[in-house]
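The values are calculated or read from the model by the stated rules, or taken from the named source; none is laboratory data. Everything quoted here is computed from the prediction, not taken from an experiment. Reconstructed Cβ throughout: ideal geometry from the backbone, glycine too, with neighbour counts over all protein chains shown. Quick note on the areas: whole protein, heavy atoms, side chains included, nothing else; ligands and nucleic acids left out. Shrake-Rupley method; radii C 1.70, N 1.55, O 1.52, S 1.80 Å.
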Amino acid sequence: MVKSKLVLGIIGGGQLGSMLATAAKKLKIKTIVLTDDLKAPAKNFCDEIIFSKYDRQKSIEDFARKVDVVTFEFENIPFKVLEYISRLKPVLPKPSINQIVQNRFTEKNFINNIGIKTTNYVLINNQFDISNNKDLLPGLLKTCTLGYDGKGQFVLENKDEASKLKIEFDKEQILEKKVNLKKEISVVITRFLNNDFVIYEPIENKHVDQILYRSIIPADINKDIFEKAQQQAKLIAEKLDYIGTMCVEYFIDEKNNLLVNEIAPRVHNSGHLTINTHNISQFENHIRAVCNLEKIELKKICNAEMINVIGNEIKNYRDKTYSKNEFFFDYMKLKIKEKRKMGHLTTTKL
Ligand code: AMP
């Protein structure tokens with residue numbers, strides 16, 4: 001393969017940035033990562049790394065000057081920063097998408113406005129807003145911005161509980177009706193510049209303490225839900241005019257209703273298994289889409305189960321020997337922290 005002259009900028013240096021850089025390397029695309037974390041694991045996988053606060057104009061300009069196109073591995077980059085970079089170099093997916101998706105309230109409004117269902121929700125500014133929305137209890141109170149993996153979330157069984165908890169109302173929050181979950185699934189889709197796309201089959205996800213623990217294909221769902229989930233993910237990508245890989249997370253309730261939980265405007269943890277189950281992974285497809293490379297027809301190779309390795313568990317995985325159908329990924333994080341994703345293990349199945 002001829003070495004591409006293209007240089008891809010990636011904002012964020014965590015495991016998703018690392019796996020994007022690895023996929024780019026396979027395509028002979030050079031990667032430069034911009035991160036504010038001196039210990040960012042992506043430094044082990046990319047070609048160059050720039051350490052800087054995300055709002056330091058000089059570093060951002062240096063970064064933009066060195067790259068041809070910019071993408072990101074996490075959605076919570078301040079909109080102003082992404083917007084500034086997009087004046088210097090193309091940013092894909094486009095920053096206006098992040099503005100919608102960064103905030104749980106505007107995200108859910110967008111989804112409902114295009115005719116797709118979510119659980120019922122309301123914006124909460126004070127204690128009275130909770131008392132006035134008893135029909136949403138039991139529910140989950142979530143900060144509108146910056147919450148992930150259950151962070152910034154309270155489960156409220158009833159309104160008395162709400163008055164006992166120390167809830168800070170200085171930040172915007174939403175109250176969501178708690179769904180009686182039968183299952184959770186996600187759909188990963190990559191949309192290309194010419195409205196072409198590739199879509200993976202739905203992935204079944206199991207969460208423990210609100211953190212993804214296990215992802216499996218095939219998902220144990222009926223044909224109707226399989227097709228509906230893919231159609232909805234496609235519609236969301238189209239309406240957002242999305243370029244790159246994104247993921248839609250869904251709840252399936254006890255009555256088999258399909259509800260969107262959230263949109264991740266990036267490659268997603270549940271899609272890690274695509275590295276081993278498909279001819280082209282979610283990471284390579286993302287690179288292909290944002291760098292405007294050829295779309296290759298997606299082919300499934302096998303089924304698989306992926307398990308996240310969290311916190312101290314990593315010690316048991318690092319010295320193990322693995323069989324031919326087991327693929328262990330060590331994120332090479334220097335510090336082991338409780339509840340932190342440290343690696344994953346994908347086991348392929350026929
Ligand atoms: P989130 O950070 O909003 O994606 O939530 C993380 C996990 O918490 C989800 O994947 C679910 O397992 C659980 N969860 C979040 N919101 C709800 C809800 N409204 N009803 C039931 N479970 C929920």
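Rounded, prolate or oblate: pick one for segment 284-350, where a ≥ b ≥ c are the square roots of the eigenvalues of its C-alpha gyration tensor, a/c under 1.5 means rounded, and failing that, prolate if a/b is larger than b/c, else oblate. Oblate shape, in that a/c is at least 1.5 and b/c is the bigger or equal ratio.
Solvent exposure of the chain, expressed per residue, is 48 Å² of accessible area, with all protein chains present and a 1.4 angstrom probe. With a Förster radius of 30 Å applied to the beta-carbon distance between Lys299 and Gln99, the computed FRET efficiency rounds to 0.25. If you run the Gaussian network model on the chain, springs between alpha carbon atoms under 10 Å, then out of Leu334, Leu141, Leu273 the most flexible one is Leu334. Computed over segment 101-178, the convex hull of the alpha-carbon atoms projects to a mean area of 4.9 nm². Mind checking which aspartates and glutamates have their C-alpha under 13 Å from Lys108, skipping anything on the same chain fewer than 8 residues away? Candidates past the 8-residue exclusion: Glu176, Glu249, Glu262.
Using a 1.4 Å probe on the protein heavy atoms, what percent of the accessible area of segment 120-195 belongs to carbon and sulfur? Exposed carbon and sulfur together represent 48 percent of the surface. Quick one: pull the percentage of alpha-carbon pairs in the chain with a separation above 35 Å. Across the chain, Cα pairs with separations above 35 Å total 22 percent.
What longest range of the chain stays clear of loop-exposed GluC sites (Glu not before Pro) (DSSP non-H/G/I/E/B, at most 12 other C-beta within 10 angstrom)? It works out to 1-156. When only alpha carbons of segment 229-272 are considered, Rg and Dmax amount to 11.1, 34 Å.
If you average the sequence gap of Cα pairs under 8 Å that are 6 or more apart and divide by the length of the chain, what percent do you get for the contact order?
Across the chain, relative contact order equals 14 percent.
Against the chain, whose longest principal axis is taken from its Cα atoms, helix 223-240 shows a tilt of about 70°. Taking the three principal axes of the alpha carbon atoms in segment 153-208, the coordinate ranges are 51, 29, 17 Å, sorted in descending order. What is the log10 of I(q)/I(0) for segment 24-137, computed with the Debye formula using one identical point scatterer on each Cα and no solvent, at q = 0.14, 0.18, 0.23 Å⁻¹? Once normalised to I(0) and log-transformed, intensities are -0.72, -0.94, -1.29. Taking a ≥ b ≥ c as the square roots of the eigenvalues of the Cα gyration tensor, an a/c ratio of 1.5 or more together with a/b no larger than b/c marks segment 207-320 as oblate. Would you work out which of Tyr200, Ile221, Ile174 lies farthest towards the positive end of the dipole of segment 168-237, given +1 charges on the beta-carbon of Lys and Arg and -1 on that of Asp and Glu, about the Cα centre? Most positive-ward Cα: Ile221. Taking the C-alpha atoms only, the angle from helix 104-113 to the longest principal axis of the chain is near 90 degrees. Per-residue surface analysis assigns Phe74 an accessible area of about 60 Å², computed on protein heavy atoms at 1.4 Å probe radius.
Please identify every one of the chymotrypsin sites (Phe, Trp or Tyr not before Pro) in segment 268-328 that sits in a loop by DSSP and has no more than 11 other beta carbons within 10 Å of its own beta carbon.
Numbers: sites: Phe283, Tyr317, Tyr322, Phe327, Phe328; in loops: Tyr322.
Within segment 268-328, the qualifying chymotrypsin sites (Phe, Trp or Tyr not before Pro) (loop, at most 11 other Cβ atoms within 10 Å) are Tyr322.
Note on segment 1-67: the C-alpha convex hull projects to 4.0 nm² when averaged across all orientations. Dipole magnitude for the chain: about 920 debye, using +1 per Lys or Arg Cβ and -1 per Asp or Glu Cβ, origin at the Cα centre.
Projecting the Cα atoms of Ile243, Ile263, Tyr322 onto the charge dipole of the chain (Cβ charges, centred on the Cα centre) puts Tyr322 farthest toward the positive pole. Candidate cross-link partners of Lys339 among the lysines, defined by an alpha-carbon separation under 20 Å and a same-chain spacing of 8 or more, comprise Lys39, Lys142, Lys151, Lys206, Lys315. Expressed in Å, the radius of gyration and Dmax of the Cα atoms of segment 37-77 are 10.6, 25.
Volume per residue for segment 126-278 equals 125 cubic angstrom (convex hull of Cα atoms).
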